[in-house]
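Asker: Take a look at this one; I'll ask things after.
The values are calculated or read from the model by the stated rules, or taken from the named source; none is laboratory data. Keep in mind that this is a model prediction, so the values were computed, not measured. For neighbour counting, all protein chains shown are included, and Cβ atoms are generated from backbone atoms with ideal geometry for every residue, glycine included. Keep in mind that these areas ignore ligands, DNA and RNA; they rest on the heavy atoms of the full protein, side chains included. Shrake-Rupley method; radii C 1.70, N 1.55, O 1.52, S 1.80 Å.
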Amino acid sequence: MTDSSFKRLVDFHCHLDLYPNYEATVAERERDGVFSLTMTTTPKAWPRNLQVTKSTQHVRAALGLHPQLVGERSHEISLWREYLSQTRYIGEVGLDAGPRFYRSYERQKEIFEEVLSACAHSKDKILSIHSVRSAKLVIDMIDRLLPPTHGKTVLHWFTGSSSEAKKASELGCYFSVNSNMLSNERGRKLVKSLPIGRLLTETDGPFTGDINKQTGAAAISQTIGGLARLFEEPIEVMETTIIENLKKLLQ
């Protein structure tokens, strides 16, 4: 990807295939020039996600096995491995220790370990990582299994502690931020503690709003505005910072 393909907005974690019209949503991102990384929640969905995005300039598909689906789909890890060589982008992967998914937590850890190990072997992957109620373990596993020389990690919608964020930053992790994270004092305090040179924007659409509402460029612009206020920077400076961070990540 060349510099000419970079526009003003970045959505580094979204689920475009879950919108009512996947192809139209991708076309909208292309028209608006929004660099978008659309997640795959189950490897069985990968062939279609690849097919829809393979000829786009601004939209990329990530290959994942969502931790919330591991309980019923852990056997698809073999498919995930089969498709791994087809993309640089991995997501959504990680751990979820929330009450609804805790029953599969041990299996989630096994799957996440396989994912990190396989990505370390490839040495060129960029991962978007889910860490609900499990930030410490996710960060410890990244530290143990995926050194910065063997892959790059982006913690999506991070809700861990400031000390966990500090350790993740020391490991070279990036953080993708959405407007929900800036909607309360705790979230703003956590985001303010993150290094500005490691921030990206995301929507996590459609999960951050009504599935029929706009969650593309308008939502990203809202997040950039919130970040600009939080870091006391002009909006144009924050837009440029996010783009430069993306460029560094993709190097």
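Asker: Provide, for q = 0.15 Å⁻¹, the log10 of I(q)/I(0) from a solvent-free Debye sum over equal Cα point scatterers in the stretch 171-240.
Answerer: Log10 of I(q)/I(0), two decimals: -0.47.
Asker: Let's see if you can work this out: charge +1 on each Lys and Arg Cβ, -1 on each Asp and Glu Cβ, no other charges. What is the dipole magnitude of the stretch 130-188 about its Cα centre, in debye to the nearest 20? Please list the in-between numbers first.
Answerer: Numbers: 8 positive and 5 negative charges, 13 e Å.
The calculated dipole for the stretch 130-188 is roughly 60 debye.
Asker: Please get the size of the charge dipole for the stretch 1-84, origin at its Cα centre, with Cβ charges of +1 on Lys and Arg and -1 on Asp and Glu, quoted in debye to the nearest 20.
Answerer: Numbers: 10 positive and 10 negative charges, 22 e Å.
Roughly 100 debye, rounded to the nearest 20.
Asker: Taking the full set of protein chains and a 1.4 angstrom probe, give the accessible area of residue 17 in square angstrom, rounded to the nearest 10.
Answerer: 40 Å²
Asker: For residue 233, tell me the accessible area in Å² from a 1.4 Å probe, rounded to the nearest 10.
Answerer: Only protein atoms counted, so the area is about 70 Å².
Asker: Quick one: 3J(HN,Hα) in Hz for the stretch 165-176, Karplus 6.51/-1.76/1.60 with θ = phi - 60°, rounded, Gly and Pro as x.
Answerer: So the Karplus estimates, Gly and Pro as x, are 5, 5, 5, 4, 4, 5, 7, x, 5, 9, 9, 9 Hz.
Asker: Out of 159, 148, 116, whose Cα points farthest toward the positive end of the dipole of the stretch 76-177 (charges: +1 Lys, Arg; -1 Asp, Glu; placed on Cβ)?
Answerer: 159
Asker: Using the Cα atoms of the stretch 60-164, I'd like the radius of gyration and the largest Cα-Cα distance, Dmax, both in angstrom.
Answerer: Spelled out, the Cα radius of gyration and Dmax of the stretch 60-164 are 12.6, 37 Å.
Asker: Might you work out the accessible area of residue 101 for me, using a 1.4 Å probe with all protein chains in place, and round it to the nearest 10 Å²?
Answerer: About 40 Å², ignoring ligands and nucleic acids.
Asker: Based on Cβ point charges of +1 for Lys and Arg and -1 for Asp and Glu, what charge dipole magnitude is obtained for the chain about its Cα centre, in debye rounded to the nearest 20? List each step's numbers first, then the result.
Answerer: Details: 32 positive and 30 negative charges, 63 e Å.
It comes to approximately 300 debye.
Asker: Longer than 19 Å from Cα to Cα, which of 54/152; 189/248; 44/123; 123/248 are they? Say none if no pair is. The partial results should precede the final answer.
Answerer: On the way: 54/152 22 Å; 189/248 25 Å; 44/123 24 Å; 123/248 16 Å.
Table pairs above 19 Å Cα-Cα are 54/152; 189/248; 44/123.
Asker: Ignoring ligands, DNA and RNA, what percent of the accessible area of the chain is carbon or sulfur (1.4 Å)?
Answerer: 50 percent
Asker: Still on this structure: Between [x] 0.93; [y] 0.96; [z] 1.00, which matches Rg/Rh (Cα atoms, Kirkwood Rh) calculated for the structure shown?
Answerer: Recomputing Rg/Rh (Cα atoms, Kirkwood Rh) here gives the entry labelled [x].
Asker: Normalised by the residues of the stretch 1-102, what does the relative contact order come to in percent, with Cα pairs under 8 Å and at least six apart? Please list the in-between numbers first.
Answerer: Numbers: 161 pairs, mean separation 25.3, N = 102.
25 percent.
Asker: How high is the relative contact order of the stretch 94-244, in percent, counting Cα pairs under 8 Å that sit 6 or more residues apart? Intermediate values should be presented prior to the final figure.
Answerer: Details: 206 pairs, mean separation 25.2, N = 151.
Once normalised by length, the contact order is 17 percent.
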